[in-house]
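Participant: The structure follows.
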Amino acid sequence: MRTTVRLRPMPPITRVLFCLVCAAGCAQAQTPPLPASAPPAAAAQPGQPTLVVLITIDGFRADYLERFGPQLQGGLGRLKNGGAWFTNGHQDHGITETAPGHASLLSGRFPRSTGIVQNAVGVVDQGTPLLGLSGVTGASPRRFQGTALLDWMRAKDPRSRALSVSMKDRGAILPLGTAKQHVYWYPGDGDFTTSKYYMDSLPDWVKQFNARHLPHKYAGKAWTPILPASSYPEPDSVPVEGGGTNFVFPHMIPADSAQAASIIRQTPFIDEVTVAFALEGVRALRLGEGPQTDILAVSLSGTDLINHRLGPSSRESHDQVLRVDRQIGVLLDSLFKLRDPARVIVALSADHGFQPIPELAPANVVPRPVRVTLRTVLASVRAQLAAMKVDTTAIQLDQQLLILDRDAFRKASVSADSIVTFFRNEALKIPGVARVDRLRDLLRGDTVGDPIARRWSHQIPPNYPVELVITLNPGSIWAGIVATHGSPYDNDSNVPILFYGPGFAPGRYSDFVRTVDIGPTLARRLGVTPLEKLDGVPLTKALK
């Protein structure tokens, strides 16, 4: 029996935060928007792109392009059939989360170099409040270290500009590094905004877009499959999805417009609004008219939130892939009407993949995937510290990272190493924990034959106060959410990498490549030089 369910606002997810001191990158001079009366741009030089488009699909597994290939008739279908498609692309680091993933896309560097190690220490910045909102955490790229593609482009031509848009602050901010350009995101109150890091007031075109109240207009609407039920092999009624609530089509948006503006973040409709906002920005800023090369970065977040709530193998996730395919088609079709397609190049990837819901793993999977928590181990260690008169906050656990304040142990004349060893031994007894490594051992270990060690070595700078990194068994996840990502396994690391447009060689390539190769490849295509040593390399097979 199929029932109509109503989406509810997501509860806040509380994570243990730890404070790390990171050197901030050098901020670029702010580039103001062109006034509406700006004169026509000069003609671009022949063969030189005037617009680079980076499309990031948050939480998009690489195998989706294979699994749903025949049904992809929109933008994804166009890109994979007509572009340079790397099927074995990876976010080749240990914590496959949104912030580290977005920071790698155009910087050509791993998290150990960008300073964006986790979501928890990604873009949160109380010193740069959001415009028009109070009581909402500020955001900026102050922890991002080094440079990114736009910096390299502006070193060659200071006229280059950028617009970056996402539902998430980190999805909008981090592809551009520290550059003070047009960067906007959607906190969920119905309006796109930015922070004081970028500007003191919203441009008129943003205010006018917000005044249209597009998110509110989804009130009372239903998310239903866009294809007949026979087109979806996945069962619709799977109680473990959604935590046992709201897991069956249709999914109703509340009739209250304010609630609807928040709820759409859990639906495909957020991507429709994001694409509409991005296109409005291209028109208002006259992005990509030339003669310089500009950047448009669009991060689509709907897939991630849907997968977290309902799982990456749900019927809803399948439908979302089809819908994001159509929205990317809308984006490309509209851009190619606004700008000469012969002057537009496109790169598409994802910030991470996704682990399936543990309870739905096939019966032959051994060891069985489980949900893991180390709270009991942490409580035991802190009880020992209290007995030894050591400040219990001297040890912190952020899921897979154990952080230690060694100064506190020295002051109490207590061996920090003995506590770390105890924690490690106790953690290895917890079902679902595969390995617990000292970071210092991984950094000097076998990073060639051991992919887990390699990815952890790409994640954490050696000067961070991380003592242990915990790796779960394949398929096991940290407790507290229906489905998630963040591991160094291929389910989470494998993402699509696609290049499309003039100068790229269409084809399907099975080479092992990394997202840190995207920035160098685009730089080679544009004829610009990176301003620092990179971890990535140009993918010459993609270039004509």
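Throughout, read-outs are computed from the coordinates displayed, never taken from laboratory work. Just so it is clear, the structure is predicted and the values come from calculations on it, not from any experiment. All Cβ positions, glycine included, derive from the backbone under ideal geometry; neighbour counts span all protein chains shown.
Participant: Hey, which lysines would be in cross-link range of residue 411, C-alpha to C-alpha under 29 Å, not counting anything within fewer than 8 residues on its own chain?
Facilitator: 389
Participant: Oh, and also: On full extension of the chain, what length is gained from residue 73 through residue 336, given 0.36 nm per residue of separation minus the C-alpha to C-alpha distance?
Facilitator: 93.0 nm
Participant: May I ask for the net charge around residue 177, where only other residues with Cβ less than 12 Å from the Cβ of residue 177 are counted and Lys, Arg are +1 while Asp, Glu are -1? Mind showing how you got there, number by number?
Facilitator: Numbers: positive: 109, 142, 143, 154, 180; negative: 151, 532.
Net of charged neighbours comes to +3.
Participant: What is the list of residues in the range 419-435 whose amide nitrogen lies under 19 Å from a point 7 angstrom out from the Cα of residue 479, following Cα to Cβ?
Facilitator: The answer is 423-435, whose backbone nitrogens lie closer than 19 Å to the label point.
Participant: Oh, and also: Separation of the range 60-78 and the range 123-193 by C-alpha centroid, Å?
Facilitator: Taking the Cα centre of the range 123-193 as reference, the centre of the range 60-78 is 29 Å away.
Participant: Moving on to the next point. Above 11 angstrom, tally the Cα pairs of the range 152-193 and express them as a % of all pairs, no decimals.
Facilitator: For the range 152-193, the share of Cα pairs beyond 11 Å comes to 64 percent.
Participant: If I model a spin label as a point 7 Å beyond the Cα along the Cα-Cβ vector, how far apart are those points for residue 236 and residue 201 in nm?
Facilitator: The modelled label-to-label distance comes out at 5.0 nm.
Participant: Now for a separate question. Using Cα centres only, tell me the gap between the range 329-377 and the range 258-297 in whole Å.
Facilitator: For the range 329-377 versus the range 258-297, the Cα centre distance is 20 Å.
Participant: Still on this structure: What is the local net charge at residue 128, summed over the other residues whose Cβ is closer than 15 Å to its Cβ (Lys, Arg +1; Asp, Glu -1)?
Facilitator: Residues close to residue 128 contribute a combined charge of +2.
Participant: For the chain, state the average projected area of the convex hull of the C-alpha atoms over all orientations, rounded to one decimal in nm². Don't jump to the answer; show the numbers that get you there.
Facilitator: Working: hull surface 100.5 nm².
That works out to 25.1 nm², a quarter of the Cα hull's surface.
Participant: Can you list residues from other chains, or at least 5 along the same chain, whose modelled amide H is less than 5 Å from the amide H of residue 504?
Facilitator: HN-HN under 5 Å from residue 504: 544.
Participant: As a quick test, which of the pairs 180/217; 196/221; 168/196 have an alpha carbon distance above 23 angstrom in this structure?
Facilitator: Going by Cα-Cα distance, 180/217; 196/221 fall outside the 23 Å limit.
Participant: Turning to a different aspect of this structure: Counting only other residues whose beta carbon sits under 13 Å from that of residue 323, what net charge do I get with K and R as +1, D and E as -1? Don't jump to the answer; show the numbers that get you there.
Facilitator: Values: positive: 315, 326; negative: 271, 272, 316, 319, 325.
Computed value for this residue: -3.
Participant: Let me ask something additional. For a quick check: with amide H placed at 1.01 Å from N, whose amide H comes under 5 Å from residue 295's, ignoring anything fewer than 5 positions away on the same chain?
Facilitator: Correct list: 52, 161, 162, 163.
Participant: Between residue 227 and residue 446, what is the spin-label point distance in nm, taking each point 7 Å from the Cα along the Cα→C-beta axis?
Facilitator: My value for the distance between the label points is 4.3 nm.
Participant: How about residue 541: which lysines have a C-alpha closer than 19 Å to its C-alpha, ignoring those fewer than 8 places off in the same chain?
Facilitator: Residue 541 reaches 80.
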